[in-house]
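The structure under discussion appears below in the form of structure tokens.
The values are calculated or read from the model by the stated rules, or taken from the named source; none is laboratory data. These figures come from a predicted structure and were not determined experimentally. We place every Cβ from the backbone using ideal geometry, glycine too, and count neighbours over all the protein chains shown. Side chains are part of the model used for accessible areas, which takes the heavy atoms of the whole protein and leaves out ligands, DNA and RNA. Shrake-Rupley method; radii C 1.70, N 1.55, O 1.52, S 1.80 Å.
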Amino acid sequence: MKVLVIDTCGEVGSVALCNGERMVAGETLVARSSSSALLPTIARLLEEQGWKLAELDGVGIVSGPGSFTGVRVGLAAAKGLCEPTSLPLVAVSRLEVLASAAALQDGYAVLDAGRGEVYVRTIATGKEMLSGLDETRTLAAGAHVVVAEEKILEAFADTQVQIIAIRAELALPIVLRELRAGAGDVALVDANYVRGERDIYGKSSAVVAGETI
């Protein structure tokens with residue numbers, strides 16, 4: 001199964017071409033360059049492998065949470081590639097990618113959301129929320145925690161914490177699982193902001209599935 005995986009949610013984006021469970025080509029994009037570099041990079045990697053876009057079996061997009069602009073850039077590019085070629089498209093939560101990469105069976109996956117807030121995924125339930133950093137530190141005390149950014153690593157010193165840099169290829173196991181299950185309707189794929197769009201640039205309380213609590 002030939003798959004393209006895209007992640008532009010963070011400061012540094014990445015792209016991976018995969019054949020089955022193996023990455024055959026990949027590239028990290030220069031920081032904050034996703035809007036201009038993403039499509040040319042994909043085109044070049046396909047050409048170098050001798051692959052045509054229409055020959056792919058699907059596209060995976062890490063759909064957030066993360067940078068609002070980055071999420072939109074990646075999602076727009078993925079949909080633009082899939083719609084004319086009728087390729088299936090799978091959206092994957094960045095928090096799920098982080099939890100999967102750490103092989104967490106319980107505990108929390110945590111991403112920096114800025115302004116003293118973090119995005120949190122509770123492994124036991126799969127629920128994702130926006131929460132204050134201090135509140136999350138108290139909640140996760142003594143638990144297994146995985147983070148992606150060094151800037152919040154120190155806050156979880158009282159937990160069993162590990163740090164993993166998120167790259168596109170880390171989403172591959174989830175993308176393959178969803179494609180094999182028959183998922184991939186482009187029309188149903190949307191961004192995962194965790195919080196509502198109106199709250200993206202403002203302060204908010206904890207949010208689960210887009211609803212303030």
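Miscellaneous remarks
- Shape call, region 61-146: gyration tensor on alpha carbons, a/c limit 1.5: oblate
- Taking amide H as placed 1.01 Å from N in the peptide plane, ALA113 has its amide H under 5 Å from the amide H of VAL118, TYR119, each at least 5 places away in sequence or on another chain.
- The 3J(HN,Hα) values that the Karplus relation (6.51, -1.76, 1.60; θ = phi - 60°) gives for region 135-150 are, in residue order, 5, 5, 4, 5, 4, 8, 3, x, 8, 7, 9, 10, 10, 10, 10, 4 Hz. Gly and Pro appear as x.
- At most 16 other Cβ within 10 Å, DSSP loop - trypsin sites (Lys or Arg not before Pro), region 118-165: LYS127
- Global geometry of region 26-92, whether rounded, prolate or oblate, following the gyration tensor of its Cα atoms and the 1.5 cut on a/c: oblate
- Extension gain (nm, one decimal) between SER33 and THR125, 0.36 nm per residue minus Cα-Cα: 29.6 nm
- Every helix of 4 or more DSSP H residues in the chain counts as -39500 (n - 2.57), and over all residues that averages to -8000 deg cm²/dmol at 222 nm.
- For ALA54 and ASP106, the FRET efficiency from 1/(1 + (r/R0)^6), where r spans their Cβ atoms and R0 equals 35 Å, is about 0.25.
- Rolling a 1.4 angstrom probe over region 92-192 with all protein chains present gives an accessible area of which 48% lies on carbon and sulfur atoms.
- Taking every protein chain into account, the accessible area of region 39-195 amounts to 45 square angstrom per residue (probe 1.4 Å).
- Considering only region 1-102, percent of DSSP beta bridges that pair antiparallel, nearest 5: 55
- Maximal additional length on extending the ARG177-GLU47 stretch stands at 44.2 nm, based on 0.36 nm per residue less the C-alpha distance.
- Full-stretch length increase - ALA157, ALA76 - with 0.36 nm per residue and alpha-carbon distance subtracted: 25.4 nm
- Normalised contact order of the chain, rounded percent, pairs of Cα under 8 Å and 6 or more residues apart: 21
- Whole-Hz couplings from phi, Karplus 6.51/-1.76/1.60, listed for region 80-97; x for Gly and Pro: x, 6, 7, 4, x, 9, 6, 6, x, 10, 10, 9, 10, 5, 5, 5, 5, 4
- For the chain, share of DSSP beta bridges that run antiparallel, in % to the nearest 5: 65
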